[in-house]
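Written out below as structure tokens is the structure these notes cover.
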Amino acid sequence: MTQSTTRDPRANRPEYVLGVGDDELSRLGLQHRLWADEASGIWREAGFGPGQTILDVGCGPGFASFDLAPLLEPEGRVIAIDESPRYIERLSAEAQRRGLPNIDARVGDAQALDLAPGSIDGAWERWVMCFTPRPEAVVGGVAQALRPGGVFAMQEYFNYRTLTLAPRTPLFEPVVAAIRASWHDYGGDDDIGGSLPAMLRSAGLEVVSIRPLVRVARPGEAMWRWPDSYFRVFLPKIVEEGYLKESDRAAFMEEWARRSADPDSYFFTPPMVAIIARKPRG
Ligand SMILES: C[S@@+](CC[C@H](N)C(=O)[O-])C[C@H]1O[C@@H](n2cnc3c(N)ncnc32)[C@H](O)[C@@H]1O
């Protein structure tokens with residue numbers, strides 16, 4: 001049974017809703033590998049390339065930054081900003097290990113960016129504004145930091161509630177409701193993609209394109225590991241926080257294990273949109 005709370009869950013766990021532990025860190029790595037081709041396509045469409053300065057806002061442990069940095073060489077760089085000191089520390093160590101000196105990693109709040117006006121050529125954002133209570137502040141900070149003609153490219157959720165295990169099972173319903181309730185209590189919005197065009201326009205950016213991103217994952221395919229890792233990492237947390245009953249979690253995980261061996265099942269991933277917006281040249 002889902003419980004929506006009025007308490008401030010961030011008081012107990014100050015960092016973002018999924019936490020910043022080792023389990024989430026490796027889940028983010030897997031998630032990036034599964035969606036890396038899509039990100040590269042969006043960067044191509046955005047025109048990111050050599051010599052540019054690109055902001056990776058809410059970069060996490062830096063998996064996208066590590067792919068972006070080589071694209072910008074030799075003169076360009078990535079400015080990677082995340083609120084988690086642990087992720088930024090990990091990013092810096094890994095950048096050094098990989099020989100990527102052109103990543104400037106900083107701890108900071110994406111909602112209070114203080115980059116010099118016109119100092120970046122582009123910005124990349126994925127799965128961050130869906131977690132920030134003030135996404136319009138993120139958009140505003142990026143917009144003022146972009147040079148005229150600069151591009152803000154993003155990948156965000158829209159219509160998350162439609163994620164489905166096929167054939168449908170009622171055991172999934174309390175799980176989806178609990179995920180969404182916890183997410184909202186943390187100040188996030190699983191429908192953020194729907195609000196972004198208006199936010200971008202209010203910040204003076206012109207929306208160039210909006211593309212849907214959705215996949216079907218079948219048992220045994222690499223993409224099946226995306227929901228699988230998510231349920232394993234996140235569901236125990238929302239049980240602990242009182243959003244989901246342990247019996248509902250256990251019943252769903254039993255069904256999930258059964259479906260994971262059923263070639264006739266598939267998972268319909270939560271839909272996302274890729275949005276490209278540009279700052280007019282003046
Ligand atoms: C789902 S992860 C995505 C990480 C990365 N963008 C990626 O695509 O792999 C969300 C990230 O947003 C960061 N985050 C959430 N709220 C933030 C804020 N207000 N300022 C900076 N980072 C934030 C979290 O610390 C976490 O690293």
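Below is a table of values for the structure above.
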quantity: Within the stretch 41-75, tally of residues that are hydrophobic (A, V, I, L, M, F, W, C), under 21 Å from residue 278 (Cβ atoms) and part of a loop (DSSP other than H, G, I, E, B); calculated: 1
quantity: Pairs where the first residue, in the stretch 104-115, is farther than 15 Å from residue 135 by Cα and acidic (Asp, Glu) and the second is assigned to a strand (DSSP E or B) and modelled with pLDDT of 95 or more, C-beta under 8 Å, 6+ apart; calculated: 104/77; 104/78; 104/79; 104/80
quantity: Pairs with Cβ under 7 Å, 6+ apart, first in the stretch 252-266 and in a helix (DSSP H, G or I), second open to solvent by 40 Å² or more (accessible area, probe 1.4 Å); calculated: 252/171; 255/171
quantity: Residue count, the stretch 68-92 (criterion: more than 22 Å from residue 144 (Cα to Cα) and open to solvent by 60 Å² or more (accessible area, probe 1.4 Å)); calculated: 9
quantity: Those residues of the stretch 66-86 which are within 22 Å of residue 127 (Cβ to Cβ), away from the ligand (no atom under 11 Å from the Cβ) and touching a Pro at 6+ places or on another chain (Cβ under 9 Å), in sequence order; calculated: 69, 71, 72
quantity: In the stretch 30-61, the residues that are more than 8 Å from the ligand (Cβ to nearest atom), acidic (Asp, Glu) and surrounded by 15 or more Cβ atoms within 10 Å (Cβ to Cβ); calculated: 38, 45
quantity: Selected residue [closer than 22 Å to residue 191 by Cα, modelled with pLDDT of 95 or more and in a loop (DSSP other than H, G, I, E, B)] from 138, 128, 142; calculated: 128
quantity: Matching entry among 182, 195 (being closer than 16 Å to residue 132 by Cα, modelled with pLDDT of 95 or more and hydroxyl-bearing (Ser, Thr, Tyr)); calculated: 195
quantity: Residue list for the stretch 90-116, filter: in a loop (DSSP other than H, G, I, E, B) and either in contact with a strand residue (DSSP E or B) (Cβ under 9 Å, 6 or more places away or on another chain) or within 12 Å of the ligand (Cβ to nearest atom) (or both); calculated: 100, 101, 102, 108, 109, 113, 115
quantity: Test: residue in the stretch 162-170 that is more than 10 Å from the ligand (Cβ to nearest atom), in a helix (DSSP H, G or I), at pLDDT below 95 and under 20 Å from residue 34 (Cβ atoms); calculated: yes
quantity: Among the candidates 123, 64, 105, residue that is open to solvent by 20 Å² or more (accessible area, probe 1.4 Å) and either at pLDDT 95 or above or of a type outside the set (A, V, I, L, M) (or both); calculated: 105
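The values are calculated or read from the model by the stated rules, or taken from the named source; none is laboratory data. Remember, predicted model here, so these are calculated numbers, not experimental data. Methodologically, a virtual Cβ is constructed for each residue, glycine included, from the backbone with ideal geometry; neighbour enumeration extends over all protein chains shown. Each accessible area value is taken on the protein alone, full model and side chains, heavy atoms only, with ligands, DNA and RNA left out. Shrake-Rupley method; radii C 1.70, N 1.55, O 1.52, S 1.80 Å.
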